Each structure stands twice: as structure tokens, then as C-alpha cells.
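The structure appears right after this line, and notes come after that.
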Amino acid sequence: MISMDKTLSCRDCGQSFLFTEGEQEFFASRGFMNEPSRCPECRASRKASRGADTDSYGASRSYGSGYGREREMYSVTCATCGNEARVPFQPRGDRPVYCSDCFSKQKGGYSSSYR
């Protein structure tokens, strides 16, 4: 529940900091369940030490695998058209793999039949 401004204690430096009503609304809109545990200064310091690919709450903003490296891609032959396709997973061989064009043409994909 969003209430008035709250005073919290930083887990790193022990200083009190304000968790404003606006910040609480932001957290709620993003689905964050926990209150921040670090003051803005310690969050900024932690962000600087972890690199620029994180937001002020420590969440990764990279589009790779989340560990600062590029996602490994695998070359496969499309089961429909026979063209080469690159996919972000290693096929196991027990299911067909499609290029992006053929995949988008599939009716509903496999999501409904494998639930």
C-alpha cells in the first residue's frame, strides 16, 4: 500500500533516507515488492562500481544474456524452408526449428500445445 513518505535506513552506510510517495508509486508501477534498501548515494556508488549497464536499482539494462556478454547464437536449418537460421538456443533435435519468417507464419506456434 502506498502511503506518505517513509524514512528508511540504508543497509550499506546506515544513514536514514526518504522513500517518497512518488518513489513508492514508481516501485508499485514496476511491480517491485520490496522497498529500497540503499540510500540514493549508496545506490549511485554501487551503480558506478558495477558499470553503466544497470539502472539506479541494480537491474540490468543490457540486451544480452544479462551477464555483460553477447548471447550465443546457433546456426540451424529451418524445418520448413531449408534456409539457414540463427537462434539463441541450442536445438535438442526433438522439435522442429524455424527461421524467423517461417516461425511468424506458424499459427499460434507451439505455446498452446505444450502447456
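The values are calculated or read from the model by the stated rules, or taken from the named source; none is laboratory data. Because the structure is predicted, anything quoted here is derived from the model rather than measured. Methodologically, a virtual Cβ is constructed for each residue, glycine included, from the backbone with ideal geometry; neighbour enumeration extends over all protein chains shown. Only protein heavy atoms, including side chains, enter the accessible area calculation; ligands, DNA and RNA are left aside. Shrake-Rupley method; radii C 1.70, N 1.55, O 1.52, S 1.80 Å.
Take the conditions at pLDDT 90 or above and part of a helix (DSSP H, G or I) and apply them to GLU35. Does it pass? Answer is no for this residue.
Can you tell me how many residues in the range 14-32 are surrounded by 13 or more Cβ atoms within 10 Å (Cβ to Cβ), in contact with a Lys or Arg (Cβ under 9 Å, 6 or more places away or on another chain) and not in a helix (DSSP H, G or I)? Going through the range 14-32 one residue at a time, the tally reaches 2.
Annotation: SER111 fulfils all but one of (1) modelled with pLDDT under 85; (2) open to solvent by 90 Å² or more (accessible area, probe 1.4 Å); (3) not aliphatic (A, V, I, L, M); the unmet one is (2).
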